Amino acid sequence: MRGWWWLWSGCPGIGAARMAALLAVSIEQDSGLDELWNWPGPRLQRALGWPDSVMASIDRYRTRSGLNPDLTVPVDVLLPMDASWPTSLNRLERPPVALHRKGSDALLLALAQRRAIAVVGTRASSSHGLEMAERLGRSLAEAGWPVLSGLAEGIDAAVHRGCLSAGGSPVAVLGTPLGRTYPSHHAALQEAVGTEGLLLTELRPDQRVQPAHFVARNRLLVAMASALVVVECPERSGALISARLAPALNCPVWVIPADAARWSARGSNRLLHGQANALLAPEDLIAHLGCGPQQHDAAERNNDGLLKALGDGAGLDELIAILSRPAASLLSDLISLELSGRVVCESGFRWKLSQR
C-alpha cells in the first residue's frame, strides 16, 4: 500500500483530493491501487470523471514508469498510513499526500499529539518583534515545548534561534524541498534545526518552488500545533492566514501587542479585537499551557535514574554524590515519587523503593 500510494501521488496533476478519489474508487471497486495502475485509461476515466488533460498526464506517467514500477519509498518520507503520521493533518481541506523529514523522529510523536507551539510573523519585523520572538523561543524551549515555525526571515528565524540557544527542539515546516534553503543565508540555521530538531516539507526533491508553497505551509503549522502565537505582522501577511485557519482546527491564537503606529504590526494588533488573546510575556503562555512534553520526558528520565540509584535504600547525601544533582531538585522528585507510591521514606530520611 505504501509503495503504490507513493507512486500514484507522484503523478503530475494528482494531489490530495484526487488521491482521495482514487482511494474511494479502489474501495468501491474492491481493487487495490496496484490493480488500478493497470486499468485502461478509458475505464479509469469513467470511474473517476477526471479531465482529459489529467488522464493524458496519467497515461504518460504510467508509460514512463512501466508495468512493474519501482515502489521504493525514500527513507525520509512519511505517508498518511504510517503510525507516526500526524492525523490532525487529515482534517485539512487539502491535506498533504506525503511529508519529507530530516531530524528527530521522536518529535513526530509530539506533533501527532499536537504538543507543539507554532510561532509566526513578518519577515520585516521591528527590533522589538525580533527580541520578543527570540525570548519566546527560549522560554518555550526551557518549558519543554517544541517550537514550530517556517524558517523564514524575521520572526521565524528569531524564534528558532531562541529555541536553539536554550537547547530546545525547533521544528521547521519548509516552503521548499529539504535540499533547498530559502533564504540562502539561512543554510547554517536550517542545518542546526535539522540536527537539533526536525525539518518537514510536503515538497518532493525535484519539485519546482512556487510562491504559493510558502503560503500553503501555514496550514500545516496550525494543524500540528496546540497554540499559535502571532508575534508581529502587517495587514497582508501569511501569518494572518494561519490565524484565520486556527479556529476551525481548535488552535487558540495569541498575539504579542506592538506599536500601534508601526505598519508591520497592524495586522497582528487587529487580531486583538476579539480574535486572539494578548500575550504580554512568554511566561503567561507557559502558565496557561503548563509544561511541554519534553520537560515531562526529561523528568521521567531523571526519575528512572533516581529509582536505580536508590538500590536497597539511600540517604539524600548519597544520592547527591551518585547523581550529581542539587538537593532541592532531588527532594522534589523524591516527594513526587513518594506521593505516587513508588518510594517510601524511612526514619533518618533514607529512601527506598516501595514494595507495593
Which numbered condition R94 misses (of (1) in contact with a helix residue (DSSP H, G or I) (Cβ under 6 Å, 6 or more places away or on another chain); (2) surrounded by 15 or more Cβ atoms within 10 Å (Cβ to Cβ)):
(2)
From the list A106, A98, which one is touching a strand residue (DSSP E or B) at 6+ places or on another chain (Cβ under 7 Å) and within 22 Å of S149 (Cβ to Cβ)?
A98
Over the stretch 118-137, the set of residues surrounded by fewer than 24 Cβ atoms within 10 Å (Cβ to Cβ) and touching a residue at least 40 places away in the same chain (Cβ under 8 Å) is A124, S126, H128, R135
Any residue at all in the stretch 217-228 that's open to solvent by 20 Å² or more (accessible area, probe 1.4 Å), part of a loop (DSSP other than H, G, I, E, B) and closer than 23 Å to L272 by Cα?
yes
Suppose we filter the stretch 280-292 for residues that are without any contact (Cβ under 8 Å) to a residue 60 or more places away in the chain and either in contact with a Pro (Cβ under 6 Å, 6 or more places away or on another chain) or aliphatic (A, V, I, L, M) (or both); how many remain?
3
Among A258, A276, which is the only one that is touching a His at 6+ places or on another chain (Cβ under 7 Å) and either in contact (Cβ under 8 Å) with a residue 40 or more places away in the chain or surrounded by 12 or more Cβ atoms within 10 Å (Cβ to Cβ) (or both)?
A258
Any hit, the stretch 307-323, residues being out of contact with any helix residue (DSSP H, G or I) (no Cβ under 7 Å at 6 or more places or on another chain) and at pLDDT below 80:
no
For P252, state whether it is farther than 25 Å from H288 by Cβ and either touching a strand residue (DSSP E or B) at 6+ places or on another chain (Cβ under 9 Å) or not aliphatic (A, V, I, L, M) (or both).
no
Six or more apart or on different chains, Cβ under 7 Å: which pairs go from a residue in the stretch 59-78 that's surrounded by 14 or more Cβ atoms within 10 Å (Cβ to Cβ) to one that's assigned to a strand (DSSP E or B)? Could you list them?
D76/H100; D76/R101; D76/K102; V77/H100; L78/L99; L78/R101
Can you spot a residue in the stretch 10-22 that is part of a loop (DSSP other than H, G, I, E, B), among the aliphatic types (A, V, I, L, M), in contact with a Leu (Cβ under 9 Å, 6 or more places away or on another chain) and touching a residue at least 24 places away in the same chain (Cβ under 8 Å)?
yes
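Let's see how each residue does on (1) under 23 Å from G238 (Cα atoms); (2) open to solvent by less than 10 Å² (accessible area, probe 1.4 Å):
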| residue | (1), (2) |
| --- | --- |
| L140 | yes, yes |
| G144 | no, yes |
| A152 | yes, yes |
| R161 | yes, no |
| L164 | no, no |
| P170 | yes, yes |
| V173 | yes, yes |
| S184 | yes, no |
Would you tally the residues in the stretch 102-117 being without any contact (Cβ under 8 Å) to a residue 24 or more places away in the chain and touching a Gly at 6+ places or on another chain (Cβ under 6 Å)?
0
In the list L7, L44, which residue meets the criterion of being within 31 Å of the chain's Cα centre (by Cα), assigned to a helix (DSSP H, G or I) and under 21 Å from G66 (Cα atoms)?
L7
If you go through the stretch 294-316 one residue at a time, do you hit one that is within 30 Å of G341 (Cβ to Cβ), under 22 Å from the mean Cα position of the chain (by Cα) and crowded, with 19+ Cβ neighbours inside 10 Å?
yes
Give L89, L99 a once-over and let me know the one that is out of contact with any Gly (no Cβ under 9 Å at 6 or more places or on another chain), of a type outside the set (F, W, Y), open to solvent by less than 10 Å² (accessible area, probe 1.4 Å) and under 16 Å from R2 (Cβ atoms).
L99
Tell me which residues, restricted to the stretch 136-164, are in a loop (DSSP other than H, G, I, E, B) and of a type outside the set (G, A, S).
W145, P146, L151, E153
Looking only at the stretch 48-101, count how many residues are part of a loop (DSSP other than H, G, I, E, B) and touching a His at 6+ places or on another chain (Cβ under 7 Å).
1
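The values are calculated or read from the model by the stated rules, or taken from the named source; none is laboratory data. It should be emphasised that the depicted structure is a prediction, and the values quoted were computed from it without experimental measurement. Neighbour counts are summed over all protein chains in view; Cβ atoms, including those assigned to glycine, are modelled from backbone coordinates with ideal geometry. Accessible surface is based on the protein model in full, side chains and every heavy atom, while ligands, DNA and RNA are left aside. Shrake-Rupley method; radii C 1.70, N 1.55, O 1.52, S 1.80 Å.
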